[in-house]
Structures are given as structure tokens and as C-alpha cells.
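Trainee: One structure, pasted below without further comment.
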Amino acid sequence: MADQRPEEGGSRGKHGFPRARWATFDCYGTLVDWNAGIRAELARVFGEERADERLHRYHELEPELESDGSLGYREVLTEAMRRLDAPASEEGGLADSLPGWPVFPEVPGALEEARRRGWRLAILSNTDSDLIAASKERIGVPFDETVVASEIGSYKPAHGHWREFFARTGADPALHVHVAASLFHDVAPADELGIPVVWINRLGESPEPEPTRELPDLSRLADTLDELVPSA
């Protein structure tokens, strides 16, 4: 694991919590069940019998559309529907459905427990400000910081989200853990940056690269975070 943590962690940033323990999270796939949300919309538009094939194709299209950071996430979702051959009247359906994507059932309690133990929480997400606001409302737990792709013109797995997080918060890299479900978008770049990562392996995948910890969901999140960064 390369030790390339962003240098911004030494400054206080706008929140001024350099000694706080921070857990950053990907949202979709980690906190919010994006596969269920996306598949439900694809089934509505294309029919149940074509939904799984379209979902697989969506996951191929999304990184292509995000590669240069020029499109907002609503535009990514709309263009993906266009390339999936959705009727013109349905091209915006996936973006419109996002605020209703379900939260994994254990997530609110797990986040509340982490907050109770003194962890500050942040979201680093490949989305737009209005869309993440709707998802955060569904989650129902306060976050201390949110960095989204549309604000910084960059999508994970590029390192922009983490650099922006450290610049804003002045977080101490030694007191930071990232939590995510995507090997491609999150585990790999966190590994490149030398950031400990808790991989939420909801799909029973084989890890590559190797995460710091692996959990099937967030039920034991607070204990795992405390193991990686004990409270002072």
C-alpha cells in the first residue's frame, strides 16, 4: 500500500477538527441500495425480463460517462438511459427515481452508533448536490461534511474527493477511515492514497485490492472503526 495520503490533513480546514476521528463513506451501494433503486426503474421502463441485463450494462456505461468529470451525475444517468435505448420520454427517469432509492436497513442505526462513539461522518459521492441531499434525508443521520462530484468536477476513482475532504476539514489522516462497497471506485483509490478502508462486501465479491477490513454490511461498523482508530 503506497503511503500517499493528502498533505492537506495538517491544516485545520473550515471545521477546525484536526484531532477528531473521521469516517468517510461512499453513498450509493454502501448506504443506499442503488442496485435495487436502479433495477426497479429499469424494470419499469424496459420490463422485468430485461432489467438484469440493462442493470449490468448500466454498470459498464457509468464509468465511461464519468471518466472526464465533465457531466453532472444527473446528466450521467440521463445519458446512460439514452444509451440503453430508453424511449425519449423516459431518459430522465433514472435521475428522477434516485431520491426514492432505498436505504439499507442497518445503516441509520450503524451511523448513529458511530456518532455516539465520537466519530465525525462525511460522504464522498459521485453525484450532484441536490441528489445527495435527498438521499441524506432518507438516511436521516447528520453528516459533518459532504463532497460530491458536481462540486469538484471529478469522479472517483480519481483522488479529488479525498483531497477536497482533507482541504475542507483539516482532518488528521491518522484518524481517518474510509467505508465503501465499490472496489473500483473506492477501495482501489483509498489503497493508492494509503487510507485504511472498510470494504462493505454486500455482493459476496472477491477483494482486489485487499481492503483493511471486510464486512458484509454496516452492522458491526462502529466496533470495526474503533478497532482501526481507538478513541483517545
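The values are calculated or read from the model by the stated rules, or taken from the named source; none is laboratory data. Remember, predicted model here, so these are calculated numbers, not experimental data. Don't worry about glycine lacking a Cβ; one is built from the backbone with ideal geometry, like all the others, and counts go over all protein chains shown. Heads up: the accessible areas ignore ligands, DNA and RNA and are worked out on the full protein's heavy atoms, side chains in. Shrake-Rupley method; radii C 1.70, N 1.55, O 1.52, S 1.80 Å.
Trainee: Once you have the alpha carbon radius of gyration of segment 36-88, what is it after dividing by 2.2 N^0.38 Å, with N set to its residue count?
Mentor: 1.10
Trainee: Hey, rough spin-label estimate for S67 and A88, points 7 angstrom out along Cα→Cβ, what's it come to in nanometres?
Mentor: With each label point 7 Å from Cα toward Cβ, the separation is 2.8 nm.
Trainee: Using only C-alpha positions, report the orientation-averaged shadow area of the convex hull of segment 126-179, nm², one decimal. It would help to have the intermediate numbers written out before the result.
Mentor: Details: hull surface 16.1 nm².
Over all viewing directions, segment 126-179 projects a mean Cα-hull area of 4.0 nm².
Trainee: While we're on this one: Provide the FRET efficiency to the nearest 0.05 for the E151-A174 pair, computing r from the beta carbons and using R0 = 30 Å.
Mentor: 0.70
Trainee: Over the chain, what relative contact order in percent results from Cα pairs under 8 Å that are six or more residues apart?
Mentor: Here the relative contact order equals 31 percent.
Trainee: Does anything in segment 90-117 have its amide N under 13 Å from the 7 Å Cα→Cβ label point of E137, and if so which residues?
Mentor: 98-101
Trainee: Let me ask another. With viscosity set to 1.567 mPa s and temperature to 4 °C, compute the Stokes-Einstein D of the chain, Rh being the Kirkwood radius across alpha carbon pairs; µm²/s, no decimals.
Mentor: For these conditions, the coefficient is 72 µm²/s.
Trainee: I would also like to ask the following. According to the square roots a ≥ b ≥ c of the eigenvalues of the Cα gyration tensor, what is the shape class of segment 67-178, taking rounded for a/c under 1.5, prolate for a/b larger than b/c otherwise, and oblate for the remainder?
Mentor: Details: a/c = 3.06, a/b = 1.51, b/c = 2.02.
Oblate.
Trainee: Test of understanding: in a Gaussian network model of the chain with alpha carbons linked when under 10 Å, which of L203, L111, L84 would top the mean-square fluctuation ranking?
Mentor: Looking only at L203, L111, L84, the biggest GNM fluctuation is shown by L203.
Trainee: Now, a different point. Return the carbon/sulfur percentage of the accessible area of segment 86-194, one whole number, probe 1.4 Å, all protein chains in place.
Mentor: 51 percent
Trainee: Please give the helix 107-116 orientation as an angle from the longest Cα principal axis of the chain, in degrees from 0 to 90, rounded to the nearest 10.
Mentor: That helix lies at roughly 20 degrees to the long axis.
Trainee: Hey, got the dipole for the chain? About the Cα centre, +1 on K and R Cβ, -1 on D and E Cβ, debye to the nearest 20?
Mentor: Working: 25 positive and 43 negative charges, 183 e Å.
That gives the chain a dipole magnitude of about 880 debye.
Trainee: At 4 °C and 1.567 mPa s, what whole-number value in µm²/s does Stokes-Einstein give for the translational diffusion of segment 179-232, with Rh from the Kirkwood sum over Cα pairs?
Mentor: Reported coefficient: 115 µm²/s.
Trainee: Just grab the label-to-label distance for A43 and E75, each label 7 Å out from Cα along the Cβ direction, in nm (one decimal).
Mentor: Using points 7 Å along Cα→Cβ, the separation is 3.2 nm.
Trainee: Between segment 34-108 and segment 131-165, what is the C-alpha centre distance in whole Å?
Mentor: Distance between centres, Cα-based: 19 Å.
Trainee: 222 nm [θ] for the chain, helices only, -39500 (n - 2.57) per DSSP H run of 4+, per residue, to 500?
Mentor: After summing the helix terms and dividing by residue count, I get -12000 deg cm²/dmol.
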